[in-house]
Every structure is written in structure tokens, then in C-alpha cells.
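Peer 1: Have a look at this one.
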Ligand code: FAD
Ligand code: SF4
């Protein structure tokens, strides 16, 4: 008879956790596929499959390592489909007198965990995940007087503390940030490497459909693009370092009509499910750069390391610093509905159709597609951040609330009033045209602001400036756009607003 149940969430698949250092006869490790987790938002089918597949592989790895494991599949008749009820009967069945949990990454689960001891009447102990580099409350602790938190400050502290990309006390190369070298547009002559992919797990997506779980997006068909085991995740990281890292920096903002993954790493799911540790990722990238600086530009290595060491830790800090209020923030009082085609990709706007289409096909879009295409359009349109959040949380395989919400509500929709982003991330069609080749294939004319063929981003951009003018003119980074708008003739302004009203009224058909 065991005395302890150790419950592992689907995003806590860390084989290096001290729990698993050696088999413990007094502990049963428990994993559960539950409707509680599949139903709180509509998820992409490949996201559900990635989590279930990764959990099953993790359970097998533990069993091979000699651990006692209890795994509840979604269709297991014993499965009550929610955590408290499952723990209740499992504790009784195994004679457990205590339940051990790892600190969850999401606020809703944190609340649930805190109530479990009372609900179950069994001693509950919560331990760390040994995953992140900073603590949950790092922003408040490190910057107690800050009114706004800037990623760059945390990033520099973490470079010093971890020694990553440091020469003694100085940043390598003499600069903390090489972004100025990193803003190249997509070049169709570039050879983009084939993405790594694996066989789908036989029957897994079918079992999700049979369990009647409501999902969105397309099944993985013959290919699985999300690594689910530690071996696959390390292989993906090594493949990135070998074939993509040299181009990552210059082309991280580029947009391509033909290449969904471009030079990005696709390790977000493995990181967020704790299969990879952020420090091992950045150290591997640093080692590769130090070994081959002539092949891997410092701007690429630094640009990538900043995403993982800086941005990822920073958004987690924002989440825990601001929850639960962040979940309802709507500083711009946006109330519009998300256009229907966000769920189908069926729009004549080539950039939107490509970004949404690949999201439905792969459960993936890269950062600039999320920020400057789908996010930009929703922001210009004035969509309710709750709707935008639900879409991002459902559609991407890497979407877990702690990382999705600050990126969506804060960075992309400016719903936190500038806590994260010093200005709203908005642009007309010109930025999208500059960074890639979508506009060449588009029904709309990126250079036209009014008329039937005018790119919808253009009038919406000036409409946004007009709507939020009082707020924006106080922001030095938006002042120029406000001044440009003021220089338009009253007739031009009226035409732009009329065109924007037309786009909004017919948005489901653009
Ligand atoms: P790469 O471009 O190769 O970057 C490497 C890694 O850096 C990523 O895997 C990720 O772990 C980290 N990273 C990069 N940017 C960020 C960021 N802004 N915040 C946190 N980590 C970052 N990322 C998620 O992991 N989950 C989400 O739900 C999510 N939602 C987003 C929503 C919006 C509106 C926006 C603008 C961004 C969102 N991001 C999210 C951040 C980023 O877009 C993804 O991390 C990235 O596209 C994942 O693909 P990749 O692994 O190929 O990343
Ligand atoms: Fe997107 Fe406008 Fe370019 Fe079409 S013209 S691809 S809608 S930016």
C-alpha cells in the first residue's frame, strides 16, 4: 500500500524533477486526461493530441525508470473527468494519506489546489516545479517601485545572474541587444529548411473525437509537427541550432506566404509542457554560438536567447503580478466581436488567410503573425479582449494561460493600458507589405486607403488613431502618427472613417 500520491499536470512533464530522481516505492505518480482540462476553452485538436501524447510518453518513461504510475485515459471508465473527484477515489484505492502536487502555472489551478485539502480531507503538499528561472513574484520583488515593467531590465539582470552571454560582468560583444541587425524582410530567394515532423500517434486524434471533445482546427493527418517526448524535443532544438539559428535573428520578424515555420524553433510546446528547461535551451544555443561564431551571428544567438531568458520569464512575471485582474482588463473598452473567419481562415485578405489557415492546419503561427497580423487586425477592429484571448488560448498548441494572456491582452491588445507594451502594436498594411510577400497574392491593394479594393488594415489604422486620439497623443511613440493624421484634410479624414465604418459593418465578408 502506498502512502503518497504525486499528481503531475499535463504541462509538468519534467523528467528532471527531484520527484523522479529515483523510484520511490511509497509514491504513486498519477497523470489524468480530463474533460476539466479539455473543455474550459475550445482547443485545437492537435493541441489536445500533443498534450495527451506527451503525457502518455512521459508516463511510459517513468514506468521504464521503475516508478509506479497510474494513468487515466480520457475514455477510462473509472475517470470522473475532474481532478478533485479523481484524486478522492485514487487516494482511497491506494490507501494514500497525503497528496503531493507541483505548483501549477495557471491561476485557476492555483485556486483549485489551495482548496483541495479541505475538499478531500487529506493532507496536500505543494512543491516547486523546478522549471522556471525566476520565481512567480519576481517582478514585484525585483522592481518594487515600478509602475511599468520592462522586459529589458529583467533580461539584463538574468544575463548577469545566469552568466549567459556574458564576458565577466559585461555582455558579450559589448551590447545587450542586437535587434538593430534583426529586422530583415522575407527574401524569396532564401532556402527555408524542411520542418522536422513525426508520425502521429495511432488512434489518438480519433479517440479525442470519439470522446466527443469539442475541438477546432484540422487533425494532423499524416504528420505530427509538435515534439512530444524529451528525445523529440532535444532533436527539434538541435535541428533548429543546426539549420535555422543563423537566420533566426535577421528574419525573426519576416513574413512568408509559403513557409509557416520559417526560421523559428517550434520549441514552445516542449518548453511550456516542461519537457525542456529554459536554461538548458539558452545554454545549448550559447554553446553553439561560442563553438561556431562564424556560422552563427551573435545577433541571432542573442535574439533567440532574449526570447527565452527575457520574454518568457517576463510574461510569467506579469501574469502572476496582475492576476486575477488581468483576465478582465480592457483599457480601450473594446467590445466588437471577432470576425467569423478567425475560425475558418476564409477571407480575401491574403495575410490573414495565411496566418489563420496555418494556425488551423498546424496549431502554429510565429510571433509576428500573432502580433502584427491576427492581433493587429483584432486591435484595429476593437474586438473584445475576452474573445481575442479565447481564440489564442484555443488555437495554438503552446497556449497556456500564463503565457498566452499577457501576450494577447497585454502586448497585442493593449488591454492593460501599457503595463507591458509602451505603445499599441498597430500598423497599416504597409508594415505587412514591407516584411513579406503576402500583399503580392492579395485581393486587396495595400497602397489604397479607400475604394473597394483598399487594404482593410489601412482605413482601420487611421480609424483607430481617430478613436483613441486623446490617449495616443500623450504617448511619444504615437505622437508622429497623430500628427500625420492631423495633417490630412477634413475630406480625407472623413473618407477614411467612412471606409473604416464600411469595413467594420461588412467585416465577416472581407
Ligand atoms: P521562436 O520564435 O523560435 O522563439 C523561441 C522561444 O522563445 C519560444 O518557443 C518561446 O518559448 C519564447 N518566446 C518568444 N517570444 C515569446 C513571448 N512573447 N512570450 C513568451 N515566450 C516567448 N507563446 C507561447 O508559448 N504560448 C502562447 O500561448 C503564446 N501566445 C501568444 C499570443 C500572442 C498574441 C503573441 C503576440 C505571442 C504569443 N506567444 C505565445 C509568444 C510567441 O509568439 C510564441 O512563443 C512563439 O511564436 C512560439 O513559436 P516558436 O517556438 O517557434 O518560437
Ligand atoms: Fe494583408 Fe492588406 Fe497586404 Fe492584403 S493588402 S495581404 S490585407 S496587408
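Peer 1: Of the numbered conditions (1) farther than 15 Å from residue 84 by Cβ; (2) at pLDDT 95 or above, residue 117 satisfies every one except a single condition; which is it?
Peer 2: (1)
Peer 1: Follow-up. Failed condition for residue 139, given (1) surrounded by fewer than 18 Cβ atoms within 10 Å (Cβ to Cβ); (2) in a helix (DSSP H, G or I); (3) out of contact with any strand residue (DSSP E or B) (no Cβ under 6 Å at 6 or more places or on another chain), with all others met?
Peer 2: Here residue 139 clears every test but (1).
Peer 1: Looking only at segment 359-374, count how many residues are closer than 25 Å to residue 38 by Cβ, in a helix (DSSP H, G or I) and touching a helix residue (DSSP H, G or I) at 6+ places or on another chain (Cβ under 8 Å). So that I can check it myself, show each step before the final result.
Peer 2: Going through segment 359-374, the residues closer than 25 Å to residue 38 by Cβ turn out to be 359-365, 370, 374.
Filter once more, so that each one left must be in a helix (DSSP H, G or I): 359-362, 370, 374.
Then keep just the ones that are touching a helix residue (DSSP H, G or I) at 6+ places or on another chain (Cβ under 8 Å); that gives 359-360, 362, 370, 374.
Residues meeting the conditions: 5.
Per-residue answers, yes or no, for (1) in a helix (DSSP H, G or I); (2) surrounded by 21 or more Cβ atoms within 10 Å (Cβ to Cβ):
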| site | (1), (2) |
| --- | --- |
| 49 | yes, yes |
| 60 | yes, no |
| 63 | yes, no |
| 75 | no, no |
| 80 | no, no |
| 85 | yes, no |
| 88 | yes, no |
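Peer 1: Would you mind stating whether residue 11 is farther than 24 Å from residue 390 by Cβ and outside any strand (DSSP E or B)?
Peer 2: no
Peer 1: Please list, ordered by first then second residue, the pairs with beta carbon atoms under 7 Å, 6 or more apart or interchain, first in segment 383-411 and closer than 18 Å to residue 507 by Cβ, second part of a helix (DSSP H, G or I) and within 8 Å of ligand 1 (Cβ to nearest atom).
Peer 2: Note: pairs meeting the criteria are 388/408.
Peer 1: Right, here's the next one. Of everything in segment 473-487, what is surrounded by 15 or more Cβ atoms within 10 Å (Cβ to Cβ) and either assigned to a loop (DSSP other than H, G, I, E, B) or in contact (Cβ under 8 Å) with a residue 24 or more places away in the chain (or both)? Give them in sequence order.
Peer 2: Our first condition is that a residue be surrounded by 15 or more Cβ atoms within 10 Å (Cβ to Cβ); within segment 473-487, this holds for 473, 475, 478, 481-482, 485.
Listed by number, the residues that qualify are 473, 475, 478.
Peer 1: Mind checking which pairs have a first residue in segment 321-332 that is in contact (Cβ under 8 Å) with a residue 60 or more places away in the chain and a second that is outside any helix (DSSP H, G or I), Cβ under 6 Å, 6 or more apart or different chains?
Peer 2: 329/415; 329/416; 330/415; 331/415; 331/417
Peer 1: Looking at this structure, is residue 118 touching a residue at least 60 places away in the same chain (Cβ under 8 Å) and within 30 Å of residue 327 (Cα to Cα)?
Peer 2: Working: touching a residue at least 60 places away in the same chain (Cβ under 8 Å): no; within 30 Å of residue 327 (Cα to Cα): yes.
For residue 118, the condition - touching a residue at least 60 places away in the same chain (Cβ under 8 Å) and within 30 Å of residue 327 (Cα to Cα) - is not met.
Peer 1: Anything in segment 164-215 that is out of contact with any helix residue (DSSP H, G or I) (no Cβ under 6 Å at 6 or more places or on another chain), in contact (Cβ under 8 Å) with a residue 12 or more places away in the chain and in a strand (DSSP E or B)? List them, or say none.
Peer 2: 171, 198
Peer 1: Go through 149, 132 for me and flag whichever is crowded, with 18+ Cβ neighbours inside 10 Å, at pLDDT below 95 and over 21 Å from residue 34 (Cβ atoms). It would help to see each step written out before you state the result.
Peer 2: On the way: 132 fails: at pLDDT below 95.
Only one candidate qualifies: 149.
Peer 1: Give the residues of segment 488-510 that are exposed (fewer than 15 other Cβ atoms within 10 Å of the Cβ) and either modelled with pLDDT under 95 or closer than 19 Å to residue 376 by Cα (or both), sorted by residue number.
Peer 2: If the condition is that a residue be exposed (fewer than 15 other Cβ atoms within 10 Å of the Cβ) and either modelled with pLDDT under 95 or closer than 19 Å to residue 376 by Cα (or both), then 501, 505, 506, 508, 509 are the ones that fit.
Peer 1: All but one of (1) in a helix (DSSP H, G or I); (2) within 16 Å of ligand 2 (Cβ to nearest atom); (3) within 20 Å of the chain's Cα centre (by Cα) hold for residue 341, so report the exception by its number.
Peer 2: (3)
Peer 1: What residue, of 352, 372, is touching a residue at least 24 places away in the same chain (Cβ under 8 Å), within 14 Å of ligand 2 (Cβ to nearest atom), within 19 Å of residue 263 (Cα to Cα) and over 14 Å from the mean Cα position of the chain (by Cα)? Spell out how you get there, then give the answer.
Peer 2: On the way: 352 fails: within 19 Å of residue 263 (Cα to Cα).
Checking each option against the conditions leaves just 372.
Peer 1: Let me ask another. Any idea which residue in segment 413-431 is surrounded by the fewest Cβ atoms within 10 Å (Cβ to Cβ), counting only those that are within 16 Å of ligand 2 (Cβ to nearest atom) and in a loop (DSSP other than H, G, I, E, B)? Quick ask: steps written out before the conclusion?
Peer 2: Residues of segment 413-431 within 16 Å of ligand 2 (Cβ to nearest atom): 425-431.
With the extra rule that they be in a loop (DSSP other than H, G, I, E, B), the set shrinks to 425-428.
On the way: 425: 16, 426: 22, 427: 20, 428: 21.
For segment 413-431, the residue satisfying everything is 425.
Peer 1: Determine which member of the set 129, 134 is closer than 16 Å to residue 313 by Cβ, in a loop (DSSP other than H, G, I, E, B) and out of contact with any helix residue (DSSP H, G or I) (no Cβ under 8 Å at 6 or more places or on another chain).
Peer 2: Step by step, each of 129, 134 is checked, and only 129 is closer than 16 Å to residue 313 by Cβ, in a loop (DSSP other than H, G, I, E, B) and out of contact with any helix residue (DSSP H, G or I) (no Cβ under 8 Å at 6 or more places or on another chain).
Peer 1: Since residue 347 meets every condition but one in (1) in contact with a helix residue (DSSP H, G or I) (Cβ under 9 Å, 6 or more places away or on another chain); (2) under 28 Å from residue 271 (Cβ atoms), which condition does it not meet?
Peer 2: Condition not satisfied by residue 347: (2).
The values are calculated or read from the model by the stated rules, or taken from the named source; none is laboratory data. Bear in mind the structure is a predicted one, so any value in this text is a computation, not a measurement. Ideal geometry is used to build each Cβ from the backbone, glycine not excepted, and the neighbour counts take in all protein chains shown.
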